[in-house]
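The values are calculated or read from the model by the stated rules, or taken from the named source; none is laboratory data. From a predicted model like this one, the values you see are computed outputs, not experimental measurements. Neighbour counts are summed over all protein chains in view; Cβ atoms, including those assigned to glycine, are modelled from backbone coordinates with ideal geometry. Ligands, DNA and RNA are excluded from the accessible area calculation, which covers all protein heavy atoms including side chains. Shrake-Rupley method; radii C 1.70, N 1.55, O 1.52, S 1.80 Å.
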Amino acid sequence: MAGAEAGTDSLADYHNLLARHGLDRNSLLTSAPVPANRQQPALFSLAQLLDTPSRLEKQVLEDYPDAEQPRLHRARVSVLHQNLALQIIGPLVIRLFRDGSSIDLNPERIFLCRKDSSSEELSRWHYSASDQERLESDEFIRVLGKQMQHWYPLFRQQFGVSPGSYWSSVGLALGAPYSLVWNQVNVDELCQQASAWLTRFECEANRYIDWIPAQFSHQRCAIPQRRGCCLKYLLPEGSYCGTCGIYRKERLG
């Protein structure tokens, strides 16, 4: 739960960690991804979707014919939510760590765009917020946690996205600044900081992400491991996510 200066303390600890390992904060965080801003025509806003969930039901069936199967429909929506988290929320958290403030997360300014058949990697979501709508760290933490709880019934009750899928995708987004330096700083300290950071938010994200030490190519590193599956592996173009803790054997293979 966020305390009076919890956010500021977390940012300072992160900045100190980077400095002790010779990493330039501004250079690192400025080169990180920014909230997706696409030129594709917008279909509807997240605020409209919250009011009328059937919009997404129809759009998913139009964009993905295989979504007529209930299991694949759930997978499609789960991956769309993961995209929303990683392409919109994650960069806003990175901006907070860079500047000490970030843009207000307003669902009226988040839009689902038309599917681009030329690439499955493009974000389906567009963020049009003005840079003037900024919140200081603790207010940003409070508002973001509240929004994550507000969006949850839509994806859980309307579309059947599992709690583990929803909250682990949120957790990955909230931990985006730590993922940037997963193999560049002290592993144990990074895992400790990242885990503590997730507890600042008044939501369930910290229950569904574990930051754990790992070793790849004889190098110790820190990775976020999900406690819920996004179901991307079910899709024709899908695969096992690098953070999946459920299908670990296939992932590591």
Restricting attention to the stretch 83-108, report how many residues are under 11 Å from the mean Cα position of the chain (by Cα), open to solvent by 20 Å² or more (accessible area, probe 1.4 Å) and not aliphatic (A, V, I, L, M).
2
If a residue has to be basic (Lys, Arg) and in a helix (DSSP H, G or I) to count, how many in the stretch 162-218 make the cut?
1
Test of understanding: among Ser27, Ser78, which residue is touching a Cys at 6+ places or on another chain (Cβ under 8 Å) and either assigned to a helix (DSSP H, G or I) or without any contact (Cβ under 8 Å) to a residue 12 or more places away in the chain (or both)?
Ser78
In the stretch 30-53, the residues that are surrounded by 13 or more Cβ atoms within 10 Å (Cβ to Cβ), part of a helix (DSSP H, G or I) and either at pLDDT 90 or above or touching a Gly at 6+ places or on another chain (Cβ under 9 Å) (or both)
Leu46, Ala47, Gln48, Leu49, Leu50
Given the residues Trp125, Trp182, which is the only one that is farther than 27 Å from Pro70 by Cβ and crowded, with 16+ Cβ neighbours inside 10 Å?
Trp182
Among the numbered criteria (1) in contact with a helix residue (DSSP H, G or I) (Cβ under 8 Å, 6 or more places away or on another chain); (2) farther than 30 Å from Gln184 by Cβ; (3) modelled with pLDDT of 90 or more; (4) open to solvent by 50 Å² or more (accessible area, probe 1.4 Å), which single criterion is violated by Glu62?
(1)
